[in-house]
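Asker: Okay, here's the structure, questions in a sec.
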């Protein structure tokens, strides 16, 4: 996936009728566009002689756009800046959360156990398929916050890791 | 002919069955779990009755609750769809005892072929070659799974005895993997089918999955409606199916069709079914199993033969002879089906849940979409993540592929993540286009989930429009604008979240 720096987009309204005209500035692009919407979140965009059918949805700070058969996801920068406190490069985590709703089946580790990168830590079940949850780096389990048989929501904190210590960790 | 039929299923197949029943003039009844109360299949039927609960075990697998509803509302027959109770000999028998016709095979046939180990024995006795396997204590010698696997030779496959769809299935390359995988497979099988028995099978290299549609009636007629190739699979779940198979010669087709009919005759099979084979690179075929039900991918057979398979099921169940004889059946043109799943192909195909906000399937000449959802549908964790099936027909395979590519590009879904872009890239892959398929295709070829490259400006413009249409702020003469960022992949890598 391409990681771009933010795209600045300016939409300047021009003459208004059923089709809304805009002057658009986006990256190196500076063009005239016409947008015709049906309902609130679908319509057609005419840009540089090409017509694109589009649909969009928004949830909190994320916008998703369907266009030309592809889905593009955008995050609004101001919210993202508030949320992330980390710098660049491979991050380390302080906890393991459920990637989707489901049921905890088996715990492969307990409090205080050391684990390696990609080692299966928890087995959970969702949509009738089993999956093993792991972390891309090694560490030590601080607290176990779930148990077998428990139904969890997406984002539920399942494990807390011990914070960085002087002890060498498995690779 | 039946006056009222209950569909003991949900999602796209319940919608599709209701359509045919209504076209025949039969009143349709459906059942629904709490999570499904506003779903499309409920809207599609004439009458709908609730099943308390949400999980399959509490609802669609409760033959007793379903039969109770059927009896209370004067239902003549039950169509079980696929999965759930469709291959339950116990449920078929219970329907029979209650005086309600089960639209499918007899309990005896279900019992005979439902157990995969018995089915292989029947096939072998009918002179059909089978894939070598080990079925536990039934095989005579008291071998442990590890000993049996050693004898078959790695790699081996662990499979559930009581059902399919990839559940309870594991591939084992070496001995140390066997024990934990065996236990996991037993758990998965127990949860999906209520029967945790599993068996071992020798894993064939480079095989193609080719299956034959069979149909029998209660007048002694048994025919086959040719083959479907289902080699594009992920973790033994089919994703793309087509008919005809690019690998079959007319002679191979004739031999496999005749072999399938021999198996069907050996168990006195009636109604619709599928005989699955593995085809190796030398053109030798081996019996795998019988799926004693209507299958997910039946639309490709409908497209190339021109017959409504569900209508034929209803006729046969009502005691009519099959509406076609072998001599009437022809394959015309080429059909391909893509299964649209609510999965994030970019993140290991993790299921995606949520409310569908936009749902606009493609339509046009020779483009068919069997949907189980609509805009506003809630895709939950309780059931299979398949949203719809997209089927196209073309005069030739290349034309069908072009039509499928077009259809996938015109299928707009927002609110859950789907595998649509993954399927687009699959259709473009040269080996897929050449028909060079085998069941390891997706492991051998890295199919991109999302197109690489920078975000096109037209998408960013719409995102800005979306951002400004929701915000109350106006700045000077600007209608709107926004600073947008495509998400950093390090934020959500694998099955854990950064906090």
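Asker: Given (1) modelled with pLDDT of 95 or more; (2) out of contact with any strand residue (DSSP E or B) (no Cβ under 9 Å at 6 or more places or on another chain), where does residue B:410 come up short, assuming only one miss?
Answerer: (2)
Asker: Output the residues belonging to segment B:398-426 that are more than 8 Å from chain A (Cβ to nearest Cβ), without any contact (Cβ under 8 Å) to a residue 24 or more places away in the chain and either closer than 15 Å to residue B:361 by Cα or not in a helix (DSSP H, G or I) (or both).
Answerer: Within segment B:398-426, just B:405 meets the criteria.
Asker: So residue B:175 fits all but one of (1) more than 14 Å from chain A (Cβ to nearest Cβ); (2) surrounded by 16 or more Cβ atoms within 10 Å (Cβ to Cβ); what number is the exception?
Answerer: Against the list (1) more than 14 Å from chain A (Cβ to nearest Cβ); (2) surrounded by 16 or more Cβ atoms within 10 Å (Cβ to Cβ), residue B:175 comes up short only on (2).
Asker: Is there a residue in segment B:282-304 that is in the same structural domain as residue B:435 (by TED's automatic domain parsing), over 29 Å from residue B:246 (Cα atoms) and in contact (Cβ under 8 Å) with a residue 24 or more places away in the chain? Spell out how you get there, then give the answer.
Answerer: At the first step, the residues of segment B:282-304 found to be in the same structural domain as residue B:435 (by TED's automatic domain parsing) are B:282-304.
Still in the running and over 29 Å from residue B:246 (Cα atoms): none.
Among the residues of segment B:282-304, not one is in the same structural domain as residue B:435 (by TED's automatic domain parsing), over 29 Å from residue B:246 (Cα atoms) and in contact (Cβ under 8 Å) with a residue 24 or more places away in the chain, which makes the answer no.
Asker: Would you pick out the residues in segment B:207-227 that are at pLDDT 95 or above, within 30 Å of residue B:156 (Cα to Cα) and either out of contact with any helix residue (DSSP H, G or I) (no Cβ under 6 Å at 6 or more places or on another chain) or not assigned by TED's automatic domain parsing to the domain that holds residue B:298 (or both)?
Answerer: Within segment B:207-227, B:208, B:209, B:210, B:211, B:226, B:227 meet the criteria.
Asker: Test residue B:336 against the criterion of being within 16 Å of the chain's Cα centre (by Cα) and more than 30 Å from residue B:117 (Cα to Cα), and give yes or no.
Answerer: Here the answer is yes, as residue B:336 does meet what is asked.
Asker: Now for a different question. Condition (residue is within 14 Å of chain A (Cβ to nearest Cβ) and either surrounded by 22 or more Cβ atoms within 10 Å (Cβ to Cβ) or modelled with pLDDT under 95 (or both)) applied to segment B:303-312: is it met by at least one residue? So that I can check it myself, show each step before the final result.
Answerer: Going residue by residue through segment B:303-312, those that are within 14 Å of chain A (Cβ to nearest Cβ) are none.
No, that holds for no residue.
Asker: Further question on the same structure: Against the conditions (1) under 28 Å from residue A:43 (Cβ atoms); (2) more than 7 Å from every other protein chain (Cβ to nearest Cβ); (3) at pLDDT 85 or above, where does residue B:429 fall short? Just the number, please.
Answerer: (1)
Asker: Let me ask something additional. I'd like to verify a number: residues in segment A:112-133 that are within 20 Å of residue A:163 (Cα to Cα) and either touching a helix residue (DSSP H, G or I) at 6+ places or on another chain (Cβ under 7 Å) or within 9 Å of another protein chain (Cβ to nearest Cβ) (or both), how many?
Answerer: Adding up the residues that qualify gives 2.
Asker: Something else about it: Between a first residue in segment B:438-455 that is facing chain A (nearest Cβ under 7 Å) and a second residue that is exposed (fewer than 14 other Cβ atoms within 10 Å of the Cβ) and modelled with pLDDT under 85, which pairs have beta carbons less than 6 Å apart while being 6 or more apart in sequence or on different chains?
Answerer: B:454/A:2
Asker: Looking at this structure, is residue B:336 in contact with a strand residue (DSSP E or B) (Cβ under 9 Å, 6 or more places away or on another chain), assigned to a strand (DSSP E or B), at pLDDT 95 or above and within 14 Å of chain A (Cβ to nearest Cβ)? Talk me through it step by step, then tell me what you get.
Answerer: Working: in contact with a strand residue (DSSP E or B) (Cβ under 9 Å, 6 or more places away or on another chain): yes; assigned to a strand (DSSP E or B): yes; at pLDDT 95 or above: yes; within 14 Å of chain A (Cβ to nearest Cβ): no.
Answer is no for this residue.
Asker: Follow-up. Test residue B:330 against the stated conditions and say whether it is assigned to a loop (DSSP other than H, G, I, E, B) and out of contact with any strand residue (DSSP E or B) (no Cβ under 8 Å at 6 or more places or on another chain). Even if it seems obvious, please write down each step before you answer.
Answerer: Working: assigned to a loop (DSSP other than H, G, I, E, B): yes; out of contact with any strand residue (DSSP E or B) (no Cβ under 8 Å at 6 or more places or on another chain): yes.
For residue B:330, the condition - assigned to a loop (DSSP other than H, G, I, E, B) and out of contact with any strand residue (DSSP E or B) (no Cβ under 8 Å at 6 or more places or on another chain) - is met.
Asker: For the subset of segment B:456-469 comprising residues that are under 37 Å from the mean Cα position of the chain (by Cα) and at the interface with another protein chain (Cβ under 7 Å from one of its Cβ atoms), which member is surrounded by the most Cβ atoms within 10 Å (Cβ to Cβ)?
Answerer: The extreme case among them is B:463.
Asker: Of all residues in segment A:47-61, which are more than 8 Å from chain B (Cβ to nearest Cβ) and either surrounded by 15 or more Cβ atoms within 10 Å (Cβ to Cβ) or at pLDDT below 90 (or both)?
Answerer: Passing the criteria: A:48, A:49, A:59, A:60, A:61.
Asker: Has segment B:386-396 got any residue that is part of a loop (DSSP other than H, G, I, E, B), touching a helix residue (DSSP H, G or I) at 6+ places or on another chain (Cβ under 9 Å) and under 23 Å from residue A:39 (Cβ atoms)? First the steps, then the outcome.
Answerer: First, pick out the residues of segment B:386-396 that are part of a loop (DSSP other than H, G, I, E, B): B:395-396.
Those left that are additionally touching a helix residue (DSSP H, G or I) at 6+ places or on another chain (Cβ under 9 Å): none.
No, segment B:386-396 contains no residue that is part of a loop (DSSP other than H, G, I, E, B), touching a helix residue (DSSP H, G or I) at 6+ places or on another chain (Cβ under 9 Å) and under 23 Å from residue A:39 (Cβ atoms).
Asker: Regarding residue B:114, is this residue in contact (Cβ under 8 Å) with a residue 12 or more places away in the chain, over 21 Å from the mean Cα position of the chain (by Cα) and outside the structural domain of residue B:286 (by TED's automatic domain parsing)?
Answerer: On the way: in contact (Cβ under 8 Å) with a residue 12 or more places away in the chain: yes; over 21 Å from the mean Cα position of the chain (by Cα): no; outside the structural domain of residue B:286 (by TED's automatic domain parsing): yes.
Against the criterion (in contact (Cβ under 8 Å) with a residue 12 or more places away in the chain, over 21 Å from the mean Cα position of the chain (by Cα) and outside the structural domain of residue B:286 (by TED's automatic domain parsing)), residue B:114 does not qualify.
Asker: If you don't mind, another one. Name the one entry in B:90, B:127, B:153, B:140 that is surrounded by fewer than 16 Cβ atoms within 10 Å (Cβ to Cβ), modelled with pLDDT of 90 or more and over 24 Å from the mean Cα position of the chain (by Cα). So that I can check it myself, show each step before the final result.
Answerer: Values: B:90 fails: over 24 Å from the mean Cα position of the chain (by Cα); B:153 fails: modelled with pLDDT of 90 or more; B:140 fails: modelled with pLDDT of 90 or more.
Every option except B:127 fails the conditions.
The values are calculated or read from the model by the stated rules, or taken from the named source; none is laboratory data. For clarity, every value in this text was computed on a predicted model and none was experimentally measured. We place every Cβ from the backbone using ideal geometry, glycine too, and count neighbours over all the protein chains shown.
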